[in-house]
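J.: Here it is: the structure, laid out below.
The values are calculated or read from the model by the stated rules, or taken from the named source; none is laboratory data. Note that the structure is predicted; figures quoted are calculated from it, not measured. Note that each Cβ is placed from the backbone with ideal geometry, even for glycine, and that neighbours are counted across all protein chains shown. With ligands, DNA and RNA removed, areas are computed over all heavy atoms of the protein, side chains included. Shrake-Rupley method; radii C 1.70, N 1.55, O 1.52, S 1.80 Å.
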Amino acid sequence: MKRYIISVLCILFALPTFAQDSLLVFKKDGTIVSLVLADVDSIKFKRNPIVNVNAISLNRTAIGLLQGDNYTLQPTIDYEGAVSPSIEWSSSNTSVASVDANGNISALKNGSVTITAKAGDKEAQCAITVVANGESVYRHGYSELNSSDKEIYNYILKQILAFEDNYKEYSDIYHRVYLDFYSQGITYIDQNKVMKLTNLIIKDVPEAYVLVNYIYRYDYNNYQYYLRVKSSCTPEKYASEMAQINAACDAITQSVTPTTTEFEKAKIIHDGFIDWSDYGGVSNANCGDITGSFITKKAVCEGFSRAYLLLCQRVGLKCIYVTGAMMTSTDPETWGNHAWNVTEVDNNWYLVDITGDGGFPGLCGYSCFLVGTPKFSEGYRYESTSGSDENIGTVSYSAIPAISATEYEWAGRP
């Protein structure tokens, strides 16, 4: 016992002199630190609290965005613990859309991407579809507009893609997408302008296939315009379909490089799409849009022409979707309603009719590929069988570029 007392006394006598209002802290390395008691309250002692995450969800599981647009996802976390768990955000393809630490999404270029929010061992996802804007790809109707009408055009397109106000309160057949122009600072907009800009979107943007037609409606109760969207097209279904369409476009255009010429681009997507899809599926509701062309792989002239337009936009070619009539028989002379494309290659515009060159398994012709005025005059006209020109007018294009007087010359043309 005396030994212990002597040892303690030795330690005490060996200690340096400290103030009476200090706290001695013995460190692992044997040194002693003095902390003034008045400062102890300011010291934060960190610990890792136990937090159990039961589930995490997002306010949207799918949404479409226009390139250059932003959107913030709102997470909801069910957890147990004293401290709210942190969220780790990630993007499956940061070149298409990025996300920051607060769930703010930036739409960068066309494509499909998945945004993931992870808390603990639980995660939630949102499928994002990014559609190119009229500044990064050529859209003929958009190019004819003034700056203020372009803003309205973009707002309508954003509303269509986002499905923000998409519901079926008034009908079992159609959804409604409301256009709240007042919220955009537009106190008055002419009804014909709403119709024209929406019609141009349908012609310009193949990804806007969710619209039933371009006819607007007016809700007198809410004093707002609205558009009708296919009842079968939910945001989740749209994201799934666009992911398949984007994958198909990537497969068809994979050989296109920065050094590929305009002619080579036009031929690559011409041949690639004809190998991809066949003519048919008239009984299917999607035969006239890009879901029939790229997913079911059965479509008619409308679907083929919209698909070629989308592919041209992907590879940087100027292209226009047009409708009219085609001669189906010379004896007697018979015309049928038809759709095709007008495409620019090397500063000249040409007719491209995918339906005329393909449509049948194993066949790929070039009689309707980059042809000029003689071929057009021989069997095409912009007027439909009813005699109306659906391409030029108050709700359509102001003009269509003149087709080249001659066909595009290339070695190997049959």
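J.: Work out the charge dipole of the range 86-197 with +1 on the Cβ of Lys and Arg and -1 on the Cβ of Asp and Glu about the Cα centre, then indicate which of 143, 108, 163 is farthest towards its positive end.
T.: Toward the positive end, the furthest listed residue is 143.
J.: Please give the FRET efficiency for residue 50 paired with residue 93, using the beta carbon to beta carbon distance and R0 = 25 Å, rounded to the nearest 0.05. Write down the numbers at each step before the final one.
T.: On the way: r = 35 Å, r/R0 = 1.40.
Efficiency, from the Cβ-Cβ distance: 0.10.
J.: Convert 10 °C to kelvin, take the viscosity as 1.306 mPa s, use the Kirkwood radius over C-alpha pairs of the range 57-168 as Rh, and evaluate the Stokes-Einstein diffusion coefficient in µm²/s, rounded to a whole number.
T.: Values: Rh = 15.3 Å.
Estimated via Stokes-Einstein, D reaches 104 µm²/s.
J.: Which of 91, 152, 62 sits closest to the plus end of the dipole of the range 53-158, meaning its Cα is farthest towards the positive end, when Lys and Arg get +1 and Asp and Glu get -1 on the C-beta?
T.: Sorting the options by dipole projection puts first 152.
J.: Going by the alpha-carbon gyration tensor, a ≥ b ≥ c the square roots of its eigenvalues, is the range 298-414 rounded (a/c under 1.5) or, if a/c is not under 1.5, prolate (a/b greater than b/c) versus oblate? Walk me through the numbers on the way to the answer.
T.: Working: a/c = 1.31, a/b = 1.10, b/c = 1.19.
Verdict is rounded for the range 298-414.
J.: Could you provide, to the nearest whole Å², the per residue accessible area of the range 348-397 with probe 1.4 Å? Don't skip to the end; give the middle numbers.
T.: Values: 2170 Å² over 50 residues.
Computed with neighbouring chains in place, this is 43 Å² per residue.
J.: How high is the relative contact order of the range 255-298, in percent, counting Cα pairs under 8 Å that sit 6 or more residues apart? Mind showing how you got there, number by number?
T.: Numbers: 23 pairs, mean separation 13.7, N = 44.
Relative contact order, the range 255-298: 31 percent.
J.: In addition: Roll a 1.4 angstrom probe over the protein heavy atoms and tell me the percent of accessible area of the range 60-198 that is carbon or sulfur. Intermediate results must be reported in sequence, preceding the final value.
T.: Working: 2840 of 6690 Å².
Of the solvent-accessible surface of the range 60-198, carbon and sulfur hold 42 percent.
J.: May I ask which of 193/267; 109/297; 122/297; 150/298; 196/230; 196/375 have a Cα-Cα span longer than 29 Å here?
T.: Values: 193/267 37 Å; 109/297 25 Å; 122/297 38 Å; 150/298 34 Å; 196/230 20 Å; 196/375 31 Å.
In this structure, 193/267; 122/297; 150/298; 196/375 exceed 29 Å between Cα atoms.
J.: If eta is 1.002 mPa s and T is 20 °C, what Stokes-Einstein diffusion coefficient results for the range 204-303, Kirkwood Rh from Cα pairs, in µm²/s?
T.: Once the numbers are plugged in, D ends up at 139 µm²/s.
J.: Ok, one more. Which value in nm describes the separation of the simple spin-label points at residue 394 and residue 136, placed 7 Å from the Cα toward the beta carbon?
T.: Between residue 394 and residue 136, the label points sit 3.6 nm apart.
J.: Find the percent of Cα-Cα distances in the range 332-388 that exceed 15 Å, and round it to a whole number. Before the final figure, lay out each step's value.
T.: Numbers: 866 of 1596 pairs.
Here the long-distance tail beyond 15 Å is 54 percent of all Cα pairs in the range 332-388.
J.: Another question, if that's okay. Once the whole set of protein chains is in place, how much accessible area is left on residue 92, using a 1.4 Å probe, in Å² to the nearest 10?
T.: Accessible surface of residue 92 is approximately 80 Å².
J.: Please report, to one decimal in angstroms, the Kirkwood hydrodynamic radius of the range 239-354 built from all distinct Cα-Cα pairs. Working shown, then result.
T.: Details: mean 1/r = 0.0682 Å⁻¹.
Across the range 239-354, the inverse of the average 1/r is 14.7 Å.
J.: Right, next: Taking residue 203 as the anchor, which aspartates and glutamates have their alpha carbon closer than 18 Å to its alpha carbon, excluding any fewer than eight residues away along the same chain?
T.: Filter leaves 135, 144, 149, 151, 289, 302, 344, 353, 383, 389, 390.
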